[in-house]
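Q: Just dropping this structure here.
Read the figures in this text as sums done on the coordinates, not as results from a lab. Values in this document were obtained by computation on a predicted structure and should not be read as measured data. Every residue, glycine as well, gets a Cβ built from its backbone with ideal geometry; the counts of neighbours run over all protein chains shown.
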2 protein chains.
Amino acid sequence: MRKKMSEAAARKVTASDVAKRAGVSKWTVSRAFTEGASISPEAQERVLQVAAELGYRPNLLARSLTKKRTGIVGLVVDELENPNLFPILNEVTNQLQRKGYMSMLLNITSEHSDGSTLSLADQFQVDGLIFLGTLLNDELVQLAQDIRHIPLIVLYRNCDYPNIQVVATDGYRAGRDIAGLFIEQRFRRIGYMLGPFSQSTQLKRLEGFRDGLKEQGLEVEVILEARHYQRDCGFQALARYLDLTAPDARIEALFCENDILAIGALDALRARSDAIRMGVVGFDDIELAASPCYDLTTYRQPLELLVPEAIRRLTAEGEPAPKFLAPGQLVRRSSHLRR
Amino acid sequence: MRKKMSEAAARKVTASDVAKRAGVSKWTVSRAFTEGASISPEAQERVLQVAAELGYRPNLLARSLTKKRTGIVGLVVDELENPNLFPILNEVTNQLQRKGYMSMLLNITSEHSDGSTLSLADQFQVDGLIFLGTLLNDELVQLAQDIRHIPLIVLYRNCDYPNIQVVATDGYRAGRDIAGLFIEQRFRRIGYMLGPFSQSTQLKRLEGFRDGLKEQGLEVEVILEARHYQRDCGFQALARYLDLTAPDARIEALFCENDILAIGALDALRARSDAIRMGVVGFDDIELAASPCYDLTTYRQPLELLVPEAIRRLTAEGEPAPKFLAPGQLVRRSSHLRR
DNA sequence: CGCGGCTTTGCAACCGGGTGCAAAGCATTT
DNA sequence: AAATGCTTTGCACCCGGTTGCAAAGCCGCG
């Protein structure tokens, strides 16, 4: 017999039930479940045993009411379209669970791009928010800040508002690393493919890239612009460039703002009948990058450093720490080679 | 000045604060925020205005305490390794939000594969659970059933326990559809690649596939087994078969249990120096399947039917409805052609 | 034996909001 | 004018746990 959902929680075992059966007061039951509370070992054992018999589990919502702490962390994502988000989400939820937190997923879709979803999270009394989406704009973060004073972490992205904790990959350095790779390969004519958002995260990357090239007297010759972070847009952007540019006037190497665009670019190269040689490098190291038919050289963000740091800051006290920028790692495959 | 997380929620505006300022009792405030409550339009407007001024938002946790309904739905996923999960997760969270529910992500990792995570969800008083993981075994579902009597939905997968709501693609029919495709292409020697779990979901598919072939006097000649649902395993499984089987004794077409395996199989074919012609079909229609370098023919599960149905059942009253099996759709690309 | 100090337990009050009922307000009916 | 019915509002109490305090129990020590 299944009850309807709204009655589902009815007739649960409460602390008073346990108390009655164990011959103690409900306050003693509460203590038995509180770490380090003043209770005699015998009483505690007794209560825990009765609780197990009755299948009692404390109601965390009721507890939150007095504790002013829910153990719920809101993960703010955009439309979940970036495959790079997958491993991050996995790692974040996993590590939060390990620390006793639960993850509430706030999906900011185009129809909920106002603050309403954040407001709802607020009503659920989340203890903190982690912003994971690549497309999320800073205004939303700002909005969250107005709503309530809880820790706000922006992960994998930069954000220049005060009181926001930023935990991200060092984009400037990444740019320089890729520049170094191109120099090593003796490319002289170099392009960059930009995505739709010129956030400071990406701009830092471009800046590092430019500075790295400059040291060798090189510069970014062409900037291609993709309309969205989608393969098709990367494809279009490069295909159009190839159409408009004479073979001997073309760039020899292209650094794309992320792997999706880079893969689109590779597809564009492959689609041409005239064999075009161009080194292509992406960013993120998504799963598809390792596929043998792309074998994309890319830049891996240090998940194993960023996620723990983000979670640490979520629970840390005191003033917000300065930005945490960790170095990523170049993943050498074959797409950067002149083929 | 940022407070530490545990104090974050302190000093929030409560209903009593609003009541005092609006010159009414706190119960009137409560009514102003309750749909269809008995309250005069003037009082309501008054309260809402004061609430807006003070930035009051009802505490949903406190409300849940009396309502016996939290509006939180637990989404049980496994290690988030199946890319097919991405669009599902997006759609589910999105639609839940639209209905005023929040999604709590329960990540069942290898270290939390016992019921502890489900138990935690229970303590948060979730209104229902949706099982999304492909690898999640039925024992876990059974475990959830013991914990609490809330709606349990198994999405995209079969499950034969009673009182479990199953919402999935019609695997038998899918199997027949693929069989039909192979027959149409005049393949006569046919193989099937199995994943690690022989759950009834997959077995139904194989059954349909076999029945479809049988009608034309064909049968599944070879069954390859992949150890995990990973590209590498699909690769190994087919590569080994090719190594061991003489060219003229080989199958002509292969139906793989999911796209990841199929892509591994395509890689295995491509990696051989001797040009091998084999039609390959996958299942799920993940993003990578559309990549021009695989162009994988596959079978799309009807997201747009399954997700709304799952959510409907989550909130429906009364006895569990019978299994919901919706037909999927063959996605014809080029990998099924003899190349 | 009496006293101080420590641990253990019970209790009232509270977290923030919802329910059911009764009283108050008001208009309509006879 | 009194009786009736409806809407609106206030109130005591509840949801399931926690906190701070005070009382009770226990110990050793002078």
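Q: What is the average number of partner chain Cβ atoms found within 10 Å of a Cβ in B:56-69?
A: Per-residue shielding by partner chains comes out at 5.
Q: Run through the other copies and list how far each one's label point is from that of B:Ala62, in nm with one decimal, shortest first; the point sits 7 Å from Cα along Cα-Cβ.
A: Computed spacing set for this position: 1.7 nm.
Q: Turning to a different aspect of this structure: How many lysine pairs are close in chain A, with Cα atoms under 22 Å apart and the two 8 or more places apart or on different chains?
A: 11
Q: With label points built 7 Å along Cα→Cβ from the Cα atoms of B:Thr245 and B:Arg98, find their separation and express it in nm.
A: Each label point is offset 7 Å from its Cα along the Cβ direction, giving 4.5 nm.
Q: Follow-up question, since we're still on this one. Name the residues whose placed amide hydrogens come within less than 5 Å of the amide hydrogen of A:Thr297, ignoring near sequence neighbours (fewer than 5 apart) on the same chain.
A: When sequence neighbours closer than 5 places are left aside, the close amide H contacts are A:Gly282, A:Arg333, A:Ser334, A:Ser335, A:His336.
Q: From the residues B:Gly133, B:Ser103, B:Ala51, which one has its Cα farthest along the dipole of the protein assembly as shown in the positive direction, the dipole being from +1 and -1 charges on Cβ of Lys/Arg and Asp/Glu about the Cα centre?
A: Farthest along the dipole direction, towards plus: B:Ala51.
Q: If you don't mind, there's one more thing I want to ask. Contour minus end-to-end for B:Lys26 and B:Asp114, with contour as 0.36 nm per residue of separation and end-to-end as the Cα-Cα distance?
A: Net length gain for the segment: 27.3 nm.
Q: Next question. Would you please give the FRET efficiency between A:Arg270 and A:Glu207, computed as 1/(1 + (r/R0)^6) with r the Cβ-Cβ distance and R0 = 25 Å, to the nearest 0.05?
A: 0.20
Q: Next up: Please label the shape of the protein assembly as shown as rounded, prolate or oblate, based on the square roots a ≥ b ≥ c of the eigenvalues of the alpha-carbon gyration tensor (a/c under 1.5 means rounded; beyond that, a/b larger than b/c means prolate, else oblate).
A: On the way: a/c = 2.15, a/b = 1.32, b/c = 1.62.
Taking the square roots of the gyration eigenvalues as a ≥ b ≥ c, the protein assembly as shown is oblate.
Q: Chain A: which residue's Cβ hugs the A-to-B rotation axis most tightly, distance rounded to whole Å?
A: Rotation axis A onto B, closest Cβ, rounded to whole Å: A:Cys293, 2.
Q: Determine the shielding of peptide A:310-317 by partner chains: average, over its residues, the number of Cβ atoms on other chains within 10 angstrom of each Cβ.
A: 2
Q: Hey, for B:Ala43 with labels 7 Å out along Cα-Cβ, what do the inter-copy distances come to in nm, ordered shortest first?
A: Distances to the matching label points in the other copies: 4.5 nm.
Q: Assign one of three labels to region A:163-243, namely rounded, prolate or oblate, based on the Cα gyration tensor with a ≥ b ≥ c the square roots of its eigenvalues; rounded applies when a/c is under 1.5, prolate when it is not and a/b is larger than b/c, and oblate otherwise.
A: oblate
Q: Taking the Cα centre of the protein assembly as shown as origin, sum charge times position over the Cβ atoms of Lys and Arg (+1) and Asp and Glu (-1), and report the length of that vector in debye to the nearest 20.
A: It comes to approximately 1440 debye.
Q: Determine the distance separating the Cα centre of region B:233-265 from the Cα centre of region B:24-83; give it in Å without decimals.
A: Measuring centre to centre over Cα atoms gives 55 Å.
Q: Residues of A:261-273, mean number of Cβ from any other protein chain within 10 Å of their own Cβ, rounded to a whole number?
A: 1
Q: When chain A is treated as a GNM, springs tying every alpha-carbon pair under 10 Å, which of A:Glu219, A:Glu184, A:Glu45 comes out with the largest mean-square fluctuation?
A: In the Gaussian network model the winner is A:Glu45.
Q: Residues with amide H under 5 Å of B:Val154's amide H, sequence separation 5 or more or different chain, H placed in the peptide plane at 1.01 Å from N; which?
A: Amide H neighbours of B:Val154, under 5 Å, 5+ apart: B:Phe131, B:Gln165, B:Val166, B:Val167.
Q: On to the next question. If amide H atoms are built 1.01 Å from N in the plane of the peptide, which residues on other chains or at least 5 residues away come under 5 Å of the amide H of A:Gly279?
A: Distant-sequence amide H within range of A:Gly279: A:Ala253, A:Leu254.
Q: Nearest 5 is fine: what % of DSSP beta bridges in the protein assembly as shown come out antiparallel, could you say? Could the numbers behind the result be given before it?
A: Values: 9 of 75 bridges.
Bridges in the protein assembly as shown that DSSP calls antiparallel: roughly 10 percent.
Q: Can you grab the distance from the C-alpha centre of region A:302-339 to the C-alpha centre of region A:131-167, Å, no decimals?
A: Computed from Cα coordinates, the inter-centre distance equals 16 Å.
Q: If the label for B:Ser25 sits 7 angstrom from Cα along the Cα-to-Cβ line, what are its distances to the same label in every other copy, in nm to one decimal, shortest first?
A: List, nearest first: 3.0 nm.
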